[in-house]
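K.L.:
Just dropping this structure here.
The values are calculated or read from the model by the stated rules, or taken from the named source; none is laboratory data. Remember, predicted model here, so these are calculated numbers, not experimental data. Here the Cβ is made from the backbone with ideal geometry for all residues, glycine too, and neighbour counts use every protein chain on show.
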Ligand code: CP
């Protein structure tokens, strides 16, 4: 599925979205839709004979399963290391674990890790022919989530992001999804980005130049075309950043009443897993404006596109 120009430009790894411009992101979104549209027998030839290994040092359902499915749908062998039962628990370093699997013939690794810098450090130790894709690193990067969010938004709102008014709301401080989304939104031309959340969960403003921070959630929702809701990441918080879950829902939960303040055809995204009744109501999460399950479906397509981009041979 790769053109010669795209092959020439492709990197060895995908660790973040910072280096990707509009053309590169658009090419991946197009590639995801093209791969999703291929018949299963044709699709299974795309990366037949190649091997993917997923290693999640933090929990995951969507990213882990969709990388496994994406690889299988492209004809790859896909293996998953159960980290809790692996030899890392006997003292083997994570680097030695990857090198051991690479010696078995793994062509690409997908790694999630909570410690900043770990995924990049592991990638730097791999041989030139072996790819590594970040499945989420600390608070910084979740590149395939950013890409699948852009595909979901493009399908709902069209390719011109320059007129879109976007709200990113909730626990922005701990969110690698928000950081990857921000890079991708800007690369695709989105200029009107609002941020809203409790002061304790907002990032340093220097990290988000050009975004409008709005304190009051009702005011922040006013007139927006897309709402990127974020999970309250209690596992990354010291206690006391929010007074209570009830107070958080009262002040920052997306309800139907609040959604009514947005543009009439506004759409709601959430990376999942969702905390129902904390950052979003059941009615909104399961309602007609929700793109949440569309995002999940697009996750498989985007991960196929990324694997093809990094590993493909250029057969159109
Ligand atoms: N959105 C996301 O990364 O979900 P998982 O943690 O289930 O992979």
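K.L.:
Can you name the number of the only condition in (1) away from the ligand (no atom under 16 Å from the Cβ); (2) farther than 18 Å from residue 19 by Cα; (3) modelled with pLDDT of 95 or more that residue 152 fails?
P.N.:
With respect to (1) away from the ligand (no atom under 16 Å from the Cβ); (2) farther than 18 Å from residue 19 by Cα; (3) modelled with pLDDT of 95 or more, residue 152 is out only on (1).
K.L.:
Residue 306 passes all but one of (1) more than 14 Å from the chain's Cα centre (by Cα); (2) within 19 Å of residue 136 (Cα to Cα); (3) within 16 Å of the ligand (Cβ to nearest atom); which number fails?
P.N.:
Answer for residue 306: the failing condition is (1).
K.L.:
Hey, another quick one. Looking only at segment 175-193, which residues are touching a residue at least 60 places away in the same chain (Cβ under 8 Å), under 28 Å from residue 59 (Cα atoms) and more than 13 Å from the ligand (Cβ to nearest atom)?
P.N.:
Going through segment 175-193, the residues touching a residue at least 60 places away in the same chain (Cβ under 8 Å) turn out to be 177, 180, 183-184, 187-189.
This time we only want the ones that are under 28 Å from residue 59 (Cα atoms), so: 177, 180, 183-184.
183, 184, listed by residue number.
K.L.:
Something else now. When you go through (1) in contact with a helix residue (DSSP H, G or I) (Cβ under 6 Å, 6 or more places away or on another chain); (2) over 16 Å from residue 57 (Cα atoms) one by one for residue 98, which number turns out not to apply?
P.N.:
Residue 98 satisfies all of (1) in contact with a helix residue (DSSP H, G or I) (Cβ under 6 Å, 6 or more places away or on another chain); (2) over 16 Å from residue 57 (Cα atoms) except (2).
K.L.:
Of 247, 297, 266, which residue is surrounded by fewer than 20 Cβ atoms within 10 Å (Cβ to Cβ) and more than 16 Å from the ligand (Cβ to nearest atom)?
P.N.:
247
K.L.:
Hey, another quick one. Does residue 94 satisfy being within 16 Å of the ligand (Cβ to nearest atom), modelled with pLDDT of 95 or more and assigned by TED's automatic domain parsing to the domain that holds residue 113?
P.N.:
No.
K.L.:
May I pose another question? Report, ordered by the first and then the second residue, all pairs with beta carbons closer than 6 Å, sequence separation of six or more or different chains, a first member in segment 132-144 that is closer than 10 Å to residue 120 by Cβ, and a second member that is part of a strand (DSSP E or B) and away from the ligand (no atom under 12 Å from the Cβ).
P.N.:
Final answer for the pair search is 132/109; 137/113.
K.L.:
Name every residue in segment 62-79 that is away from the ligand (no atom under 15 Å from the Cβ) and in contact with a strand residue (DSSP E or B) (Cβ under 6 Å, 6 or more places away or on another chain), in order of residue number.
P.N.:
Those that are away from the ligand (no atom under 15 Å from the Cβ) and in contact with a strand residue (DSSP E or B) (Cβ under 6 Å, 6 or more places away or on another chain): 71, 72, 76, 77, 78, 79.
K.L.:
Read through the list (1) surrounded by fewer than 16 Cβ atoms within 10 Å (Cβ to Cβ); (2) within 13 Å of the ligand (Cβ to nearest atom); (3) closer than 20 Å to residue 311 by Cα, then give the number of the only condition that residue 59 fails.
P.N.:
Every condition holds for residue 59 apart from (3).
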